[in-house]
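Encoded as structure tokens, the structure appears first; notes follow it.
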């Protein structure tokens, strides 16, 4: 406040200070609102993406552990890992309906193989990362039928000997399990056997039939379309892949049991 020429008190300076304070407060509140509206969701999204990428790396490590169990005949593997932003889970026994691999060999009956899975589900229901039959997949819930294979299974075709080799790995557990936070994934090779060499006939095929909820058909179809496997999708778009006629086929079966997560 200040004195005027006639002795009266002027409050103009006080009013100016009040207006300035209100303006500054408004700017601060606007900034907080913008950060809350745009910055915080972006931060949460980035954290979620980081958690999913971390679980992709963890699944690749576990895939390597399974390769040690199956290829190197190591009886037991143990890996410590942190599961954040979701839940890692597996079931005691694979679902007896789907997913499954269906195949017909040597002109015989159609057989089915139920692989089971180790699955990570993000807490924001954004994505799942799954280890299934030696392969690692990712699937985003925004695309119900879309999926991608992050790491391939160990299947191959040897043109020199005209031989297919398929690794069929069944995942189960001592009980239904779920884990979040820091834990130790312990697994063992509980059983293995190898089929006698089979000879493919015309019309012999392999096909992946997905679960209606966790659909990884796109990932498997993209893999089976790999020219190096020498499989022909017949008819096109059917998801049924025929072997070359007169080829040798060796199927190796493995049963891997999770002891803890």
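Taking segment 97-112 on its own, how many of its residues are within 21 Å of residue 247 (Cα to Cα) and assigned to a strand (DSSP E or B)? First the steps, then the outcome.
Step one: filter segment 97-112 for residues within 21 Å of residue 247 (Cα to Cα), giving 101-112.
Imposing the further condition that a residue be assigned to a strand (DSSP E or B) reduces the set to 101-104, 110-112.
Residues meeting the conditions: 7.
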(request) Working only within segment 148-163, note down all residues that are surrounded by fewer than 18 Cβ atoms within 10 Å (Cβ to Cβ) and not in a strand (DSSP E or B). (result) 152, 154, 159, 160, 161, 162
(message) Among the numbered criteria (1) in a strand (DSSP E or B); (2) more than 19 Å from residue 89 (Cβ to Cβ), which one does residue 139 miss?
(response) (2)
(request) Check off (1) without any contact (Cβ under 8 Å) to a residue 40 or more places away in the chain; (2) closer than 25 Å to residue 92 by Cα for residue 207 and give me the number that stays unchecked. (result) (1)
(request) Output the number of the condition that residue 86 fails; it satisfies all remaining conditions of (1) crowded, with 17+ Cβ neighbours inside 10 Å; (2) part of a helix (DSSP H, G or I). (result) (2)
(message) Taking the condition of being free of Cβ contacts under 8 Å to residues at least 40 places away in the same chain, in a helix (DSSP H, G or I) and farther than 27 Å from residue 126 by Cα, how many residues in segment 53-82 meet it?
(response) 1
(message) Yes or no: segment 224-239 includes at least one residue that is under 30 Å from residue 141 (Cα atoms), without any contact (Cβ under 8 Å) to a residue 40 or more places away in the chain and under 19 Å from the mean Cα position of the chain (by Cα).
(response) yes
(request) Find the residue count for segment 186-244, including only residues that are assigned to a helix (DSSP H, G or I) and either touching a strand residue (DSSP E or B) at 6+ places or on another chain (Cβ under 9 Å) or closer than 29 Å to residue 79 by Cβ (or both). (result) 10
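If I go through segment 113-126 residue by residue, how many of them are in a loop (DSSP other than H, G, I, E, B) and out of contact with any helix residue (DSSP H, G or I) (no Cβ under 7 Å at 6 or more places or on another chain)?
First, pick out the residues of segment 113-126 that are in a loop (DSSP other than H, G, I, E, B): 114-117, 123-126.
With out of contact with any helix residue (DSSP H, G or I) (no Cβ under 7 Å at 6 or more places or on another chain) added as a condition, the list becomes 114-117, 123, 125.
Final tally of qualifying residues: 6.
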(message) Suppose we keep only residues that are touching a residue at least 40 places away in the same chain (Cβ under 8 Å) and at positive phi within segment 89-126. Which one would you say is surrounded by the most Cβ atoms within 10 Å (Cβ to Cβ)?
(response) 116
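Please tell me if residue 129 is in a strand (DSSP E or B), under 24 Å from residue 225 (Cβ atoms) and in contact (Cβ under 8 Å) with a residue 24 or more places away in the chain. Before the answer, list the steps.
Working: in a strand (DSSP E or B): yes; under 24 Å from residue 225 (Cβ atoms): yes; in contact (Cβ under 8 Å) with a residue 24 or more places away in the chain: yes.
When the stated conditions are applied, residue 129 passes them.
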(message) Checking the conditions here, which among 103, 114 is at pLDDT 90 or above and farther than 28 Å from residue 127 by Cα?
(response) 103
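Just to be sure, is residue 166 closer than 30 Å to residue 121 by Cα and surrounded by 13 or more Cβ atoms within 10 Å (Cβ to Cβ)?
Values: closer than 30 Å to residue 121 by Cα: yes; surrounded by 13 or more Cβ atoms within 10 Å (Cβ to Cβ): yes.
Against the criterion (closer than 30 Å to residue 121 by Cα and surrounded by 13 or more Cβ atoms within 10 Å (Cβ to Cβ)), residue 166 qualifies.
The values are calculated or read from the model by the stated rules, or taken from the named source; none is laboratory data. Just so it is clear, the model here is predicted, and its values are computed rather than measured. Counting neighbours? That spans all protein chains shown, and the Cβs are built from the backbone with ideal geometry, glycine included.
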